[in-house]
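The values are calculated or read from the model by the stated rules, or taken from the named source; none is laboratory data. Just so it is clear, the model here is predicted, and its values are computed rather than measured. Reconstructed Cβ throughout: ideal geometry from the backbone, glycine too, with neighbour counts over all protein chains shown. For the accessible areas, the whole protein counts, side chains as well, though only heavy atoms, and no ligand, DNA or RNA atoms are used. Shrake-Rupley method; radii C 1.70, N 1.55, O 1.52, S 1.80 Å.
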Amino acid sequence: MAAYRGLLLPLGFLGAMFLIMFSFDLWDMSQEKRAGRMQQLQELRKQLTKEICDGDKEAFSEGKHSLEDLSDKELKHLIVDDTHGLIYCYIPKVACTNWKRVMFVLNWSEPYHDPMSISADLVHVPKKLTLLNSFPRPEMKAKLKHYTKFMFVRDPFVRLISAYRDKFLRSNKYYYKNFARDILRLYGNRPDPPQTVDEAFVSGVHPSFYNFIEYLLDPLTEKRQPFEPHWRQMHRLCHPCHIQYDFIGHQETLQEDAEHLLRILKLQDDIKFPPSYENMTSPGSVMDWFRAVPLEDRRKLYKLYEGDFRLFGYRKPSELLDG
């Protein structure tokens, strides 16, 4: 492991590229050997995150220099399981529904229910899961110190595409009323968009992907209100420079990472992580989504999400940014 760390430290961002290549070299191995490789991959991911945090504290602190500076509201994405000593930071559009299902069934007595037997609607109901910020500060600090903390991340641009597809290409009353109408008005050249989502879908009206990007890049967007969690930067949801995570999983290796985490927790015989669907946004299709986005705006978008690319070892998408 020391050899891998020695390689990562001087290479910095290039080390992240090595990390990604390393993650795909896990096939066709015995279970024991694969577990060893998965553990090495975990050490690389955590080491990279720590290196980036230590090397550029100001970029990720947003003026918050310690956990004490984070408000209770900023810690609302951390779910606690006191029985198993677990804390999960959920990130929308990164398998969070299935991980919430797992956290939900862990609160029941054994034998555990199949996570897929829990409806997606149920796990998104407030107060159905215990949040870290529901405890007094001393208890929060103690749990963060002693519990196993984990999070899952995803290629930032692919996550944005997934969020756009889910919230704006489907009939969603909440997102149409609170976001889509304003986006259509401000960036879609529709001063008087349909009043309801039903009217909009009958008319075939929805924000384009570029309209969505324009909304994200507009400096006034965050002055009005913080980014909605489905497109808020991942590090701003889980604060990895203030919270030392024991496990960082990737959507791109979701099934293998989930199985490895359950083995670490000695739950592999009790709970099976729900099977994941094939990713609808392949690396090749990312370019198709961005064809209508001008080069300068692609570069601005990368700067907006650069922290997530760097912290979690995702390759800078040069094919989108170099013109």
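For (1) under 25 Å from GLN251 (Cβ atoms); (2) charged (D, E, K, R); (3) over 14 Å from the mean Cα position of the chain (by Cα), each residue gets a yes or a no:
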residue: PRO111; (1), (2), (3): no, no, yes
residue: ASP114; (1), (2), (3): yes, yes, yes
residue: LEU122; (1), (2), (3): yes, no, yes
residue: LEU132; (1), (2), (3): yes, no, yes
(request) Starting from the range 97-113, keep only residues that are more than 15 Å from LYS266 (Cα to Cα), then list their pairs with residues that are part of a helix (DSSP H, G or I) and not charged (D, E, K, R) whose Cβ atoms are within a distance under 6 Å, requiring at least 6 positions of separation or different chains. (result) THR97/ALA120; LYS100/VAL123; ARG101/PRO115; ARG101/VAL123; PHE104/VAL123; VAL105/PRO115; HIS113/VAL105
(message) Go through (1) touching a Leu at 6+ places or on another chain (Cβ under 8 Å); (2) outside any helix (DSSP H, G or I); (3) of a type outside the set (Phe, Trp, Tyr) for LEU304 and report which single condition fails.
(response) (2)
(message) Need pairs with beta-carbon distance below 8 Å; first residue of a type in the set (Val, Ile, Thr) and within the range 46-73, second part of a helix (DSSP H, G or I); sequence gap 6+ or separate chains.
(response) THR49/LEU311; ILE52/PHE60; ILE52/ARG310; ILE52/LEU311
(message) Looking only at the range 121-146, count every residue that is free of Cβ contacts under 8 Å to residues at least 24 places away in the same chain, among the aliphatic types (A, V, I, L, M) and in a helix (DSSP H, G or I) and tell me the total.
(response) 2
(message) Filter the range 110-142 down to the residues that are closer than 13 Å to VAL80 by Cβ, open to solvent by less than 60 Å² (accessible area, probe 1.4 Å) and out of contact with any Lys or Arg (no Cβ under 9 Å at 6 or more places or on another chain) and list them by number.
(response) THR130, MET140, ALA142
(request) Using the structure shown, decide if GLU43 is part of a helix (DSSP H, G or I) and loosely packed, with under 12 Cβ neighbours inside 10 Å. (result) no
(message) So, PHE212, is that one within 26 Å of ALA59 (Cα to Cα) and aromatic (Phe, Trp, Tyr) or not?
(response) yes
(request) Would you mind stating whether ASP82 is surrounded by fewer than 20 Cβ atoms within 10 Å (Cβ to Cβ) and more than 25 Å from GLU139 (Cα to Cα)? (result) no
(request) Identify, from the list LEU295, LEU267, LEU262, the residue that is farther than 30 Å from ASP56 by Cβ, surrounded by fewer than 18 Cβ atoms within 10 Å (Cβ to Cβ) and at pLDDT 95 or above. (result) LEU262
(request) Would you please name the residue that is farthest from TYR147 (Cα to Cα), looking only at residues in the range 51-98 that are touching a strand residue (DSSP E or B) at 6+ places or on another chain (Cβ under 8 Å) and charged (D, E, K, R)? (result) LYS76
(request) Assess whether ARG190 counts as being basic (Lys, Arg), in contact with a Leu (Cβ under 9 Å, 6 or more places away or on another chain) and farther than 19 Å from PHE157 by Cα. (result) yes
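Considering the range 57-83 alone, what residues qualify as being part of a loop (DSSP other than H, G, I, E, B) and modelled with pLDDT of 85 or more?
Going residue by residue through the range 57-83, those that are part of a loop (DSSP other than H, G, I, E, B) are 62-66, 70-72, 76-77, 82-83.
Residues satisfying the conditions are LEU70, SER71, ASP72, LYS76, HIS77, ASP82, THR83.
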(request) Mind checking which helices (runs of 4 or more DSSP H) fall wholly inside the range 147-258 and carry at least 1 residues that are touching a Phe, Trp or Tyr at 6+ places or on another chain (Cβ under 8 Å), over 26 Å from LYS76 (Cα atoms) and open to solvent by 10 Å² or more (accessible area, probe 1.4 Å)? (result) 181-187, 197-203, 209-217
